[in-house]
Amino acid sequence: MSIVLVLIPLGILLVAAAAWAFLWAVNHDQFDDLESPAYRILFDDDEPPPSDPPAPGEDS
Amino acid sequence: MCCPGCAAAAQVIEQAGLGAYYRFREAPGQNPEDLSPAEPGSLEVFDHPALSEDFVQIGGDGEHRATLALEGINCAACAWLVEQHLGRQPGVRSVAVNLASHRAQISWSGERVRLSELLRAVAQIGYRAHPYRPDQQEQLLAVQTRAALRRLGVAGLGTMQVMMFAVALYAGAFEGIEQKYRDLLRWVSFIVATPVVFYAARPFFGSAWRDIVRLQPGMDVPVALAIGSAYLASGWATLRHGGEVYFESVCMFTFFLTLGRFLEMRARQHADHSTRTLLRCAPHSAVRLTRSGEEVVPVRTLRPGDRILVRPGATIPADGRLLEGRSSVDESMLTGESSPHAKAVGDSVMGGTSNVESPIVVRVSRTGADSALSTIVRLLDRGQAEKPAAVSLADRVARYFVAGVLVLAAGVAMLWWSVSPDRAFWITLSVLVATCPCALALATPAALASATTGLARRGLLVTRGHVLESLTRVTHVVFDKTGTLTEGKLVLTKCTTLRDVGTERALTLARSLERRSEHPIARAFRTAGRSDAAGECEVTAVRADPNQGLEAMVGGRRHRIGRPDYVTALAQPGETPKPPSEEGLWILLGDDRGPLAWFQLEDRVRPEARAVVETLRGEGIAVALLSGDPSAFVARLADRLGIEVAIAAATPEDKLQHVRALQQGGAVVAMLGDGVNDAPVLSTATVSLAMASSTDLAMTSADAVLLRDDLSLLLDARSWAARAHRVIRQNLTWAVLYNLTMLPLAALGYVAPYAAALGMSLSSLLVTLNSLRLSRDPRTGGRSP
């Protein structure tokens, strides 16, 4: 049973770490916009522009 | 494509490789005509040091940062497009568009690009961007929301942890546990619960203290009392190795309440964001005339005595007198009157109104705090201060409940003190804990949060808490005509030809004549009869006579369109023909041989208006119409919709008086409005609603905003409010009954600690689940889209 003497402090440490991570996230604007990032992932950032249409009278 | 401009924009988008916009957009973008035109040179004004220091923060190595408020953002595709387009401008370092608040954070290097160029880049793809500086109230709200989120996180994590220890303690209580392990578990619970009580629950203590000082106990008093006493008692028990601990109840209670308040706050912030943005974007620039010519200057630098040029379609930046030119001015924003006013030299014009027809020169007389717009804002503040306070049901219950519990606890303490002093402390505490108003405190916020979410999904944004409660008690509904019952723009409804011209030909002529005008009447013709392929005819030598009409040469003949006497004056002096009927606004078209055709224009009534008025009257609610419009149209509209009371030509003061008189007679007034002139009366009415198309001032002073232009939302809101009211009653009844049953048992010392904690949790859970029913749409039976 004395294992709880190790496990309980360990548990509290983990909670403290989680709380710290949460507060860090709040302070670093991670919760400011919960909508746009969900869409942002759907867009390709670097879609290449279509090659310029050849100007009239110009042969490649 | 509606115009070559759109086609060009689409081409720009395609060529820049941003075609993904068309795949991801959820709704077609706004039409260019919906956005007010940008005045030439008006963007450069933001490079002016006097203005830019307000908006732009300059960091090290020439980095400039600013927040832009964006107009016309509808969906993620728009946000993405703006982000990409801005990101590709030279000198831009980073762009992030927030979809929820319609803001963009942008940073750029000051040497390579100027702010006005970035604003122009946004305008190029069809959106409008304004530099934006959040006002103090908004900054405060943002700070508060963040603090609430931190508290919520701490409470949540703490609760999970303490619950885990509590399971071990429960098991120990049933199966037996060694004293040293029990004490260890109690101690760690104590440690974890401490930040929850002292950090997460601190707002409850603060507001409870304020309530006590003001001798007006609200819901926070029993909440603070329960949290405080349960925590102290448990701490005492831990130190003394006896009694019972309630740490898990303390934490859970704190967490649920913090969650409820957080959701409420979030909804309010969202509403604030959408309404506040544009209010801060009043006209920034003005064209000042100096001896050396025109210069574009920030409005703030205008002084009384300056001469300013106002182009057609632009907003007049300050109050003043007309020096040169003739035009008509649309004052609907201030007075609610639908038709523009003719202004001649010497007439006064008000800041915030817009110039309709031709360029004018104005001498500034009053600016800033003295201007007419500011006066209305002051009226608004007064209205808000005098608004009858809506006392929520929960607060009324809480007042009695708190007093009752405190008196009872004191009585129990005294009784037990005389019977057996060593048990008195524990039993008094168990009375306080057992009667912990957990469910009572959750009853109202849970139901309101749930109903607010449901309504927001249907398109009604509730911004103030009392709306749902007050809506059920409404006895009078007051409409403001402009834009609430009608669609707010003139529509061509009839065309009667007078000579041997076809209807098509008459329409084509009228459209061609009116093509270049920005007058509301001209806009009605722009969409009329567009289906025909005849196109438009060649028009030359167009001349606008303010408040009279237009004159132009078509096919070698002089044509006029406008007021009947103005049109007939062109032909040989003759009788001015009578309009075919009294209804609506009649416009005559004619050439130098006499009148050609009549056009009837009307501000069309919203299709659902009639049904809404009928339903309201069927429910025994008096419906009234107060309008700033002086025309007979008001009475006719009321008649057609079956509204009993209709008052035309009402000034903002009149409206305020009327609503106050009703309220003094004991009426609960709901007011629906949309103009700046409505703002004071909106803030006085017990419940006020603004339409989505409203001016921003009206939106901020309203308790709720209709996100869709659909009056039937009013009925939805009422039925929802009625349901919410029922649920709140059920919740409160349950909570009070539960606490009343527990009270005598606890007072007699019969309540086992697990039973009290379990009962409390189950009771709260029941209340929460009952409230969740409200977020469902009653008609679809499930979640609304």
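The values are calculated or read from the model by the stated rules, or taken from the named source; none is laboratory data. Keep in mind the model is a prediction, meaning the values are calculated, not measured. Because the Cβ atoms are built from the backbone with ideal geometry, glycine has one as well, and the counts that use them run over all protein chains shown. Ligands, DNA and RNA are excluded from the accessible area calculation, which covers all protein heavy atoms including side chains. Shrake-Rupley method; radii C 1.70, N 1.55, O 1.52, S 1.80 Å.
Only one of the numbered conditions (1) part of a loop (DSSP other than H, G, I, E, B); (2) out of contact with any Ser or Thr (no Cβ under 9 Å at 6 or more places or on another chain) is violated by residue B:245, and that is (2). Looking only at segment B:576-629, count every residue that is over 25 Å from residue B:331 (Cα atoms), assigned to a strand (DSSP E or B) and either of a type outside the set (A, V, I, L, M) or at pLDDT below 80 (or both) and tell me the total. The total comes to 5.
Search segment B:283-310 for residues being of a type in the set (S, T, N, Q) and modelled with pLDDT of 75 or more, and hand back the single one that is farthest from the chain's Cα centre (by Cα).
Within segment B:283-310, the first condition is being of a type in the set (S, T, N, Q), and the residues that meet it are B:285, B:290, B:292, B:301.
Subset that is modelled with pLDDT of 75 or more: B:290, B:292, B:301.
On the way: B:290: 41, B:292: 44, B:301: 31 Å.
If we take residues in segment B:283-310 being of a type in the set (S, T, N, Q) and modelled with pLDDT of 75 or more, then B:292 is farthest from the chain's Cα centre (by Cα).
Return a yes/no flag: does segment B:328-341 have any residue that is open to solvent by 40 Å² or more (accessible area, probe 1.4 Å) and modelled with pLDDT of 80 or more. The answer is no, given that none of the residues of segment B:328-341 is open to solvent by 40 Å² or more (accessible area, probe 1.4 Å) and modelled with pLDDT of 80 or more. Candidates B:765, B:769: the one that is at pLDDT below 80, hydrophobic (A, V, I, L, M, F, W, C) and under 35 Å from the mean Cα position of the chain (by Cα) is B:765. Only one of the numbered conditions (1) out of contact with any Gly (no Cβ under 8 Å at 6 or more places or on another chain); (2) under 28 Å from residue B:449 (Cα atoms); (3) open to solvent by less than 40 Å² (accessible area, probe 1.4 Å); (4) within 11 Å of chain A (Cβ to nearest Cβ) is not met by residue B:165, and that is (2). When you look at residue B:649, is it open to solvent by 40 Å² or more (accessible area, probe 1.4 Å), farther than 20 Å from residue B:705 by Cα and touching a residue at least 60 places away in the same chain (Cβ under 8 Å), yes or no? Against the criterion (open to solvent by 40 Å² or more (accessible area, probe 1.4 Å), farther than 20 Å from residue B:705 by Cα and touching a residue at least 60 places away in the same chain (Cβ under 8 Å)), residue B:649 does not qualify.
From the residues in segment B:237-282 that are of a type in the set (Lys, Arg) and closer than 30 Å to residue B:704 by Cβ, which one is modelled with the highest pLDDT? Per the criteria, the residue is B:261.
When residues in segment A:14-43 are screened for being over 18 Å from residue B:98 (Cα atoms), facing another protein chain (nearest Cβ under 8 Å) and open to solvent by 50 Å² or more (accessible area, probe 1.4 Å), 1 of them pass.
Given the residues B:142, B:173, B:123, which is the only one that is in contact with a Pro (Cβ under 9 Å, 6 or more places away or on another chain), part of a helix (DSSP H, G or I) and more than 13 Å from chain A (Cβ to nearest Cβ)?
Working: B:142 fails: more than 13 Å from chain A (Cβ to nearest Cβ); B:123 fails: in contact with a Pro (Cβ under 9 Å, 6 or more places away or on another chain).
From the options B:142, B:173, B:123, the qualifying one is B:173.
Here residue B:106 fits the description: outside any helix (DSSP H, G or I), modelled with pLDDT of 85 or more, among the hydrophobic types (A, V, I, L, M, F, W, C) and surrounded by 18 or more Cβ atoms within 10 Å (Cβ to Cβ). Annotation for segment B:183-190: no member residue is in contact with a helix residue (DSSP H, G or I) (Cβ under 6 Å, 6 or more places away or on another chain) and away from every other protein chain (no Cβ under 13 Å).
Go over the candidates B:66, B:79 one by one and state the one that is crowded, with 20+ Cβ neighbours inside 10 Å and more than 23 Å from residue B:11 (Cβ to Cβ).
Numbers: B:79 fails: more than 23 Å from residue B:11 (Cβ to Cβ).
The conditions single out B:66.
Checked against (1) in contact with a strand residue (DSSP E or B) (Cβ under 6 Å, 6 or more places away or on another chain); (2) at pLDDT 75 or above; (3) not aliphatic (A, V, I, L, M), residue A:22 passes all but condition (1). Among the residues making up segment B:289-308, those that are among the small types (Gly, Ala, Ser) and open to solvent by less than 80 Å² (accessible area, probe 1.4 Å) are B:293, B:305. Among all residues of segment B:68-88, there is none that is away from every other protein chain (no Cβ under 14 Å), out of contact with any helix residue (DSSP H, G or I) (no Cβ under 8 Å at 6 or more places or on another chain) and under 27 Å from residue B:296 (Cβ atoms).
Among the residues of segment B:649-664, how many are β-branched (Val, Ile, Thr) and in contact with a strand residue (DSSP E or B) (Cβ under 9 Å, 6 or more places away or on another chain)? Write out each step before concluding.
Taking segment B:649-664 first, the residues β-branched (Val, Ile, Thr) are B:651, B:659.
From what's left, in contact with a strand residue (DSSP E or B) (Cβ under 9 Å, 6 or more places away or on another chain): B:659.
Qualifying residue count for the region: 1.
Taken as a whole, the structure leaves residue B:690 outside the set of residues that are closer than 30 Å to residue B:415 by Cβ, open to solvent by less than 40 Å² (accessible area, probe 1.4 Å), outside any loop (DSSP other than H, G, I, E, B) and modelled with pLDDT under 80.
Do we have any residue at all in segment B:413-431 that's of a type in the set (S, T, N, Q), buried (at least 23 other Cβ atoms within 10 Å of the Cβ) and modelled with pLDDT of 65 or more? Yes.
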